[in-house]
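Peer 1: I'd like to ask you about the structure that follows.
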Amino acid sequence: MEFEAVIGLEVHAQLATASKIFCPCRAKPATGLSVGESDANLYTCPVCAGLPGALPVLNRKAVKYAVMAGLATECTVRTESVFARKNYFYPDLPKGYQISQFDRPICEKGRLLINTSTGCREIGITRIHMEEDAGKNVHLSGYSLVNLNRAGVPLIEIVSEPEMKSAEEAVAYLRALHEIVIFLGICDGNMQEGNFRCDANVSVRPHGSPVLGTRTEIKNINSFRFIEKAIDFEIRRQIEVVKSGAKVVQETRSYDPARNVTQTLRSKEEAQDYRYFPEPDLPPIQVPADWLSEIQQHLPELPAQMRQRFQKNYGLKPQEAAAITASRALAAFFDRTVQLLGGRAAKAAANWITGEVLRLVNEAGQQIESSRITPQHIAALVELTAAEISGTEPLVSSTGAKQALAEAFATGEAIQEIVERLGLKQVSDSGAMESAVEKIIAGFPDQVAEYRSGKEKVLGFLVGQVMKQSGGKANPSVAQELLKKKLS
């Protein structure tokens, strides 16, 4: 019997606000802190520590960020939504309940377009609701400790419809969502630190059956690669269970990347076990029409829109546009570079940025926005190397341009000044190049003989030697023509 998978995802994104959702404690240091460090439990107060009598006060920016996420995913934003208490007991939840949203979330009924090897399709978004994060348990030998720095950090939970059919689709959905929250500037998106984490609900059923199978939940997976592996394993496991005549048990499972398996974590609680009821200490959230309109008007350009613009206006290929929009900072860097070039030579700029610039940045362990390289550097480099701008031969060879870029990366000095100081201007005068060409012809008699016998591919080798002889300054096309003339 053929089976098909049904996958729904619940994504938790920490909102990048300065303070927590219901108190003024700092939210930013809440990630990456481990018990034993001097700042464990430092960013807490009676509200986020759940002390009796402490009252929550809602963070306005967290609401704005949740609305932005809803608008970017084509959700309907409720003009009035309500917080609720979600009751469960766990050591990192000091109040014994989590302030979340239940039947009246802030956003609902959205959609997200994904691209996979089988094409483009739409995945529905059931809801986006706001809630507070829990603390962090650190399990040691024989005992555990709790760090409450993360307790009260604002979250949005984005719940998809159970419409994905494969691990590939699930990862495509997550990547699209991940880049949206980053481009909006509402989430850092660091999966290793838990800023963006995913629970996957997976079930299988006979192909074409309208009845959903029993689902399992894979909890808190923190990388795209592991999400894909975990879902693939769980699909295979459930098919084997059904084929053996047994029943899939509804439960929460964890993923072990070392063994590439999912394993039982705990039995799954149903929604009614949480005993939801309206939060009595917080009034309903009001989203006035004028505020919603203001947020909509100031929504930044989303990555999909940016890719379309780069392809339409600058003639980039889809893969080139995708590489440029890998991060918000990279896209902004490219956009500014092309503006400085007056819209010309956009492909040349894209090649420099995604190639040599990113190589230098990655090797130095930096981010492009914090490096010494600026759009002005790249615009100047393109003007010196792109014949489509000058209308003549490039003024600097590719070798010289890379040397100038490396120097600019190290010092921040202007490209034109580096070119002048290091004497990197390309030599296009055949008279000045003649001596180098004659030395190469005299120094490589075997290759010269091969060329004269009809092996024209050897010419590329000889041009390379002329370039080497000139310290990379020789114009390769002029060198080639001069070699042909001399060898004939």
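The values are calculated or read from the model by the stated rules, or taken from the named source; none is laboratory data. As the structure is a computational prediction, the values presented were derived from the model and not from experiment. Methodologically, a virtual Cβ is constructed for each residue, glycine included, from the backbone with ideal geometry; neighbour enumeration extends over all protein chains shown.
Peer 1: Looking at region 90-98, can you tell me whether even one residue there is modelled with pLDDT of 95 or more and within 23 Å of the chain's Cα centre (by Cα)?
Peer 2: no
Peer 1: Still on this structure, I have one more. Would a scan of region 134-144 turn up a residue that is closer than 17 Å to residue 253 by Cβ and either assigned by TED's automatic domain parsing to the domain that holds residue 107 or modelled with pLDDT of 95 or more (or both)?
Peer 2: Looking for residues that are closer than 17 Å to residue 253 by Cβ and either assigned by TED's automatic domain parsing to the domain that holds residue 107 or modelled with pLDDT of 95 or more (or both), one finds none in region 134-144, hence no.
Peer 1: Here's a follow-up. For region 141-152, enumerate the residues that are in a strand (DSSP E or B) and within 25 Å of the chain's Cα centre (by Cα).
Peer 2: none
Peer 1: Anything in region 68-108 that is assigned to a strand (DSSP E or B) and over 17 Å from residue 152 (Cα atoms)? List them, or say none.
Peer 2: 76, 77, 80, 81, 107, 108
Peer 1: Give region 367-388 a look and list any residue that's buried (at least 17 other Cβ atoms within 10 Å of the Cβ) and either part of a helix (DSSP H, G or I) or modelled with pLDDT under 90 (or both), or say none.
Peer 2: The answer is 368, 375, 377, 378, 379, 380, 381, 382, 383, 384, 385, 386.
Peer 1: Filter region 153-190 down to the residues that are aliphatic (A, V, I, L, M) and assigned to a strand (DSSP E or B) and list them by number.
Peer 2: 155, 156, 158, 159, 164
Peer 1: On to the next question. Does at least one position in region 246-253 carry a residue that is of a type in the set (D, E, K, R) and touching a Leu at 6+ places or on another chain (Cβ under 6 Å)?
Peer 2: For region 246-253, residues of a type in the set (D, E, K, R) and touching a Leu at 6+ places or on another chain (Cβ under 6 Å): present.
Peer 1: Might you let me know whether region 109-120 holds any residue that is among the hydroxyl-bearing types (Ser, Thr, Tyr), part of a strand (DSSP E or B), modelled with pLDDT under 95 and surrounded by fewer than 20 Cβ atoms within 10 Å (Cβ to Cβ)?
Peer 2: Yes, that holds for at least one residue.
Peer 1: Another question, then. Answer with yes or no whether residue 178 is in contact with a strand residue (DSSP E or B) (Cβ under 9 Å, 6 or more places away or on another chain) and modelled with pLDDT of 95 or more.
Peer 2: In short, yes.
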